[in-house]
Amino acid sequence: MNISVLGLVLGLLLLALPIYIIYAFDLRLMRRLLKSLAMMAVMVSAFGAITALLMTCNILWVNLLVGVALALLSSVVVVLRSGLRQRRLLLPVMAASVAPLLLVSLYVLLLVLSLKEPFDTRFFIPMLGLMVGMASGLIARALHAYYMGLAHHNELYYYLLGNGATHREAVHHFVRRGFQAALVPVMRQMSGMFLTTAPALMLGLVMSGVGVWTAALLEVVVLLAVTVYALTTFWLAILLSRRYAFDEYERLRPMKKGEAPVAPTSPVAPERVERMDREE
């Protein structure tokens with residue numbers, strides 16, 4: 001399956017309708033559309049050129065180096081999307097993302113797909129790209145829910161610490177909220193597949209000649225692998241970021257730019273936990 005020059009031109013003609021609607025209804029989005037198209041063209045061209053070069057070389061250590069680079073790049077994206085301070089979270093998220101990304105990807109390629117050469121660029125790099133692209137938003141949501149929950153409901157955290165709870169016990173409620181924030185979008189995607197979201201991976205594999213059932217099973221496996229990667233990275237990130245997010249007295253440091261240090265407010269009773277869950 002190839003796209004000719006004529007096919008490319010005909011494909012670009014599909015832009016005619018969006019451009020006409022923007023112009024006819026004066027949506028004032030033309031500059032934004034052109035900027036988005038230019039950015040997409042640059043990113044797709046760059047990724048395509050790098051992938052083609054990697055497939056030509058197909059060297060083990062180069063593929064591993066690219067995997068580490070993807071994990072580090074995705075960490076930057078995660079911290080930026082979470083809206084939290086880069087200085088406090090960037091290094092912990094980077095350290096937490098490399099091992100889960102490589103291990104979960106190899107688990108799928110080696111044990112699920114039973115590939116004899118799992119580091120082959122044809123399989124290894126696309127798998128890493130799928131994992132990174134689908135999990136970044138989930139990790140960012142989880143980190144945001146965890147740290148903003150601590151900042152907005154710090155009275156519960158300090159109440160538990162003041163009554164003899166360990167740090168792990170005091171943050172348990174907020175860790176749970178972070179896991180919920182990561183899992184809810186995945187469950188929505190699972191329950192709404194074919195109804196509200198299209199199984200893009202499955203349909204792309206079918207168009208490429210892969211069997212229908214193999215493509216369907218791979219869609220499910222990749223989604224589960226992304227979930228495991230996102231949850232593991234979030235869990236490791238909050239463990240590694242403890243020394244950056246809390247001071248020597250277990251007080252939460254500011255996690256947003258311009259935010260004042262978080263100080264304990266009024267005491268809170270444990271009965272408020274369920275009400276806080278409903279509010280969030």
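Under a GNM of the chain (C-alpha, springs under 10 Å), which listed residue has the highest mean-square fluctuation: Val68, Val220, Val108?
Val220
To the nearest 20 Debye, how big is the dipole of region 81-234 about its Cα centre, given +1 on the beta carbon of each Lys and Arg and -1 on that of each Asp and Glu?
I would put it at about 380 debye.
For the chain, what does the accessible surface come to per residue with a 1.4 Å probe? Please give it in Å².
Roughly 61 Å² per residue, with all protein chains present.
Taking only complete DSSP H runs, can you tell me which helices of the chain stretch 30 Å or more along their own long axis by Cα positions and average at least 0.5 on the Kyte-Doolittle scale?
Qualifying helices, which must be both long enough and hydrophobic enough, are 30-57, 60-82, 86-107, 121-152, 212-240.
Order of 225-231, 16-22 by packing, highest average Cβ count within 10 Å first?
225-231, 16-22
Just how large is the dipole of the chain about the Cα centre, in debye to the nearest 20, putting +1 at every Lys and Arg Cβ and -1 at every Asp and Glu Cβ?
The calculated dipole for the chain is roughly 600 debye.
Let me understand region 82-139 better: what is its radius of gyration from the alpha carbons, and its Dmax, in angstrom?
Expressed in Å, the Cα Rg and Dmax of region 82-139 come to 13.6, 42.
Taking one equal scatterer on every alpha-carbon of region 114-213, how large is log10 of I(q)/I(0) by Debye at q = 0.15, 0.20, 0.21 1/Å?
-0.79, -1.04, -1.10
Test of the criteria: in region 34-141, which trypsin sites (Lys or Arg not before Pro) are in a DSSP loop and have at most 13 other Cβ atoms within 10 angstrom of their Cβ?
Counting only loop positions with at most 13 other Cβ atoms within 10 Å, the trypsin sites (Lys or Arg not before Pro) in region 34-141 are Lys116.
With all protein chains present, how much of the accessible area of the chain (probe radius 1.4 Å) comes from carbon and sulfur, to the nearest whole percent?
That share works out to 68 percent.
Roughly how large, in nm² to one decimal, is the mean projection of the convex hull of the alpha-carbon atoms in the chain?
Its average projected convex-hull area is 19.5 nm².
Give, in whole angstrom and from largest to smallest, the semi-axes √(5λ) of the equivalent ellipsoid of region 1-95, with λ running over the eigenvalues of the Cα gyration tensor.
Semi-axes from the Cα gyration tensor: 34, 25, 7 Å.
Given H placed on each backbone N at 1.01 Å, which residues far from Phe246 in sequence or on other chains put an amide H within less than 5 Å of it?
Under 5 Å from the amide H of Phe246 lie the amide H atoms of Arg253, each far enough along the sequence or on another chain.
Out of region 152-216, which chymotrypsin sites (Phe, Trp or Tyr not before Pro) are coil in DSSP terms and have no more than 15 other C-beta atoms within 10 Å?
Of the chymotrypsin sites (Phe, Trp or Tyr not before Pro), the ones in loops of region 152-216 whose Cβ has at most 15 other Cβ atoms within 10 Å are Phe194.
The values are calculated or read from the model by the stated rules, or taken from the named source; none is laboratory data. Owing to the predicted nature of the structure, the values given are computational and were not obtained by experimental measurement. Neighbour counts are summed over all protein chains in view; Cβ atoms, including those assigned to glycine, are modelled from backbone coordinates with ideal geometry. Ligands, DNA and RNA are excluded from the accessible area calculation, which covers all protein heavy atoms including side chains. Shrake-Rupley method; radii C 1.70, N 1.55, O 1.52, S 1.80 Å.
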